[in-house]
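Colleague: This is the structure I want to talk about, given as structure tokens.
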Amino acid sequence: MATLAAYLNAIEGKGVHIVTVNDYLARRDRDWMGPIYELLGLTVGVIQNQMGNEERRAAYACDITYGTNNELGFDYLRDNMKVRFSDQCQRGYNYAIVDEVDSILIDEARTPLIISGPAEESTDKYYTAERVASRLRKDEDYVVKEKENMVILTESGIENAQRLVGVDSFYSDKNMEWPHHIEQALRAKELYRKDKEYIAKDGEILIVDEFTGRLMPGRRWSDGLHQAVEAKEHLKIKEENQTLATITLQNYFKMYQKLAGMTGTAATEAMEFFNIYKLEVVTIPTNRPLLRDTYPDMVFRTEKEKFNAIIDEIVRIHETGRPILVGTTSIENSERVSTMLNRRGVKHDVLNAKQHEREAQIVAKTGQPGMVTIATNMAGRGTDIILGEGVAKLGGLHILGTERHEARRIDNQLRGRSGRQGDPGSSQFILAMEDELLRLFAPPWVSNMLLKLGMSEGQPIESRMVSNAIQKAQKRMEAHNFDIRKQLLDYDKVMNEQRTIIYGQRRKILEGKEIKETMLEMIKEGIYSTIDKFLPPDTSAGNWDYDGLLTAFKRKFGLELTADKLKGRDVEEIEGLIIKEVEQLYQAREQRLGAEAMRNLERYLLLEKIDEHWKEHLYAMDYLRSGIGLRGYAQKDPKIEYKSEGYKMFNEMLTAVKEEVTDLAFKVELYTEAEKRLAELWKVTDVSHKEIGSFESVRSGGYAPAESQRSPATYGGVATEKL
């Protein structure tokens, strides 16, 4: 159905993005639907994870482009870090159709997209924190809050941790980072489990997506948590990362002029779609009547009883020849079921993050007679599982869920793997009161009732009251997750406005628009603020510091003026005089260097300083966000405080950019031939990859400080040890 809307919107020539959950589906859909578009005269491209810059640009230039939400979002961030307009890949945000829209715009919207770089800091502290955490005692030294995904040190825990680290107090200047690192180590110990939240592979910790069961290479938990997990598994710790660019999926997709989506399970989230994205949910009847049987849940008291019942049920149905798809919520549980089936001699396939390369082949066979497939939640999502010969007569594909997910939609997606396009099918969930969702969110009376009923081992309960309690638990979890997403969006609203301003400025600079006007405006603003400092408007003229003002302007612009020229004038006259003098110096400099060279120099300086200060600003905002919740103890709203301080920091950053750019614009000169030869002898040492890139661009572009202004500690704005 997407072909109709995609074609209609693509004929404008502004581009249409069709977004799906993984590279395989993006490529498959392009291959399946591409011939239709091409027959109608349109071009079709696809974005894949390993593509180079030129391939991406070609794909985005097509009328219709298939890709994943992550690739599109990261390309947006990467484009806004590039230093040449011609290197940018994307060409605008006209219309997007999001397949599996609830997965992308709701489930994955809890995690922002982040591009980060290494920060220089020792990693030994993580190993020390892990050793301390392993010796602290649960419920005595620390309290675990599973629902909030937190671990809190008690007073005795802090005392014991101080003793184990070997410091007098965690609350002196040098030791204030220790409580944070130890709490992260405790979170890694108590809340992050191997083969559930992550796997260890080739010396790396790879995160498992909690919604799809897929591995997420290249993604790292922030705030030192990833390093804490690496220390827990005794792996080599990678450097802590610093945010270079970030955006939430909500704010990325809100940039599109028009947005649409498709899914079989949006009705339960209709309110969130409207509140966040202003999207209405329309329920469309199935193409053919639904023949799937939905059996009531079977609930056992313990996990052991549940898994024994699951294996018995698989064996019973397998003997009839019907295919079975077993849905699990973790890699750990999928492998547990697999091990138990091996003991019973039942041949089966396992589809989880460890085998996702074989996904297409495994899913294709799922509907064949006698097939048993064990899968995490990603199981064939977006794929019609075709029934093999004779299977429809046996009752079709049977879905067996081993645990309720925290969102009803995910359960419905699993059920929806069977009974497709009018085929018969059936589904059932087998649960235990020890399952995480029921343990955390179901009311205590449910478990107490089962005990009072005197249920013997292996005896299930099928009760409407219990089923309703499970549904209420899921609704509570859905509300909890909505609050998390809403909070993320509220905080990112501040960053989004700032990001829009910065990226807008960068784009104008890259396109070469209004560079001279921007520079002159920055110069004027710098003049106004400097005059305010030395000639305060609330002070009489007799107390003005003319000498300090002239010294500042001589250092900044090379302006030669005497105090006599200023005395006797009011502030507005002085501003007009200095602006006129500085503009003359600017025009003379432009004539000497040439207009084109002057614009190139200004473009380089603007980009260099904006990028440098934006990176520092993101780091400062991360730091502000991590501690802003404590303002609540002072009866202040953390969100209002974050917004207020964020804007203040942003304005300070913009001022710093203007100061540095205008300062350098009057000091940096083009190379002479003699300077070029001399530059070859200069050595730049101990600088980061980014700085080396900047240094090379300075050299190849031909910019360096003028001889009279050259400092022994700088070279074209790049830090050096020696010249």
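Colleague: Within the range 62-92, restricting attention to residues that are outside any helix (DSSP H, G or I) and among the basic types (Lys, Arg), which residue is most open to solvent (accessible area, probe 1.4 Å)?
Modeller: ARG84
Colleague: Take the residues of the range 2-24 that are assigned to a loop (DSSP other than H, G, I, E, B) and either acidic (Asp, Glu) or at positive phi (or both): which is surrounded by the most Cβ atoms within 10 Å (Cβ to Cβ)?
Modeller: Once the filter is applied, the top-ranked residue is GLY15.
Colleague: Quick one: is ARG555 part of a helix (DSSP H, G or I), open to solvent by 20 Å² or more (accessible area, probe 1.4 Å) and modelled with pLDDT under 85?
Modeller: yes
Colleague: Please pick out the residue among ASP564, ASP490, ASP538 that is outside any loop (DSSP other than H, G, I, E, B), open to solvent by 30 Å² or more (accessible area, probe 1.4 Å), without any contact (Cβ under 8 Å) to a residue 12 or more places away in the chain and not β-branched (Val, Ile, Thr).
Modeller: The conditions single out ASP564.
Colleague: On the given criteria, is GLU146 out of contact with any strand residue (DSSP E or B) (no Cβ under 6 Å at 6 or more places or on another chain), in contact (Cβ under 8 Å) with a residue 24 or more places away in the chain and open to solvent by 40 Å² or more (accessible area, probe 1.4 Å)?
Modeller: Spelling it out, GLU146 is indeed out of contact with any strand residue (DSSP E or B) (no Cβ under 6 Å at 6 or more places or on another chain), in contact (Cβ under 8 Å) with a residue 24 or more places away in the chain and open to solvent by 40 Å² or more (accessible area, probe 1.4 Å).
Colleague: Considering only the range 54-61, I want to know if a residue exists there that is within 20 Å of ILE247 (Cβ to Cβ) and not in a loop (DSSP other than H, G, I, E, B).
Modeller: Yes, there is a match, as at least one residue in the range 54-61 is within 20 Å of ILE247 (Cβ to Cβ) and not in a loop (DSSP other than H, G, I, E, B).
Colleague: Sticking with this structure for a sec: Can you pull out every residue in the range 250-305 that is over 26 Å from GLU403 (Cα atoms), open to solvent by 80 Å² or more (accessible area, probe 1.4 Å) and touching a strand residue (DSSP E or B) at 6+ places or on another chain (Cβ under 8 Å)?
Modeller: Passing the criteria: GLN257, LYS258.
Colleague: Next question. Residues that are at pLDDT below 75, among the polar types (S, T, N, Q) and open to solvent by 80 Å² or more (accessible area, probe 1.4 Å), at least 1 per element: which helices (runs of 4 or more DSSP H) completely within the range 612-702 meet that?
Modeller: 689-701
Colleague: In the range 470-487, is there at least one residue being open to solvent by 40 Å² or more (accessible area, probe 1.4 Å), over 30 Å from THR248 (Cβ atoms) and either touching a residue at least 60 places away in the same chain (Cβ under 8 Å) or of a type in the set (A, V, I, L, M, F, W, C) (or both)?
Modeller: no
Colleague: Would you confirm, using the coordinates I've provided, whether GLU359 is farther than 30 Å from PHE482 by Cα, acidic (Asp, Glu) and either more than 34 Å from the chain's Cα centre (by Cα) or modelled with pLDDT of 90 or more (or both)?
Modeller: For GLU359, the condition - farther than 30 Å from PHE482 by Cα, acidic (Asp, Glu) and either more than 34 Å from the chain's Cα centre (by Cα) or modelled with pLDDT of 90 or more (or both) - is not met.
Colleague: Within the range 178-195, restricting attention to residues that are outside any loop (DSSP other than H, G, I, E, B) and aliphatic (A, V, I, L, M), which residue is nearest to VAL151 (Cα to Cα)?
Modeller: In this case the residue turns out to be LEU186.
Colleague: Does the range 493-508 contain at least one residue that is touching a residue at least 40 places away in the same chain (Cβ under 8 Å) and closer than 30 Å to GLU581 by Cβ?
Modeller: yes
The values are calculated or read from the model by the stated rules, or taken from the named source; none is laboratory data. Source: prediction; values computed, not measured. Don't worry about glycine lacking a Cβ; one is built from the backbone with ideal geometry, like all the others, and counts go over all protein chains shown. Keep in mind that these areas ignore ligands, DNA and RNA; they rest on the heavy atoms of the full protein, side chains included. Shrake-Rupley method; radii C 1.70, N 1.55, O 1.52, S 1.80 Å.
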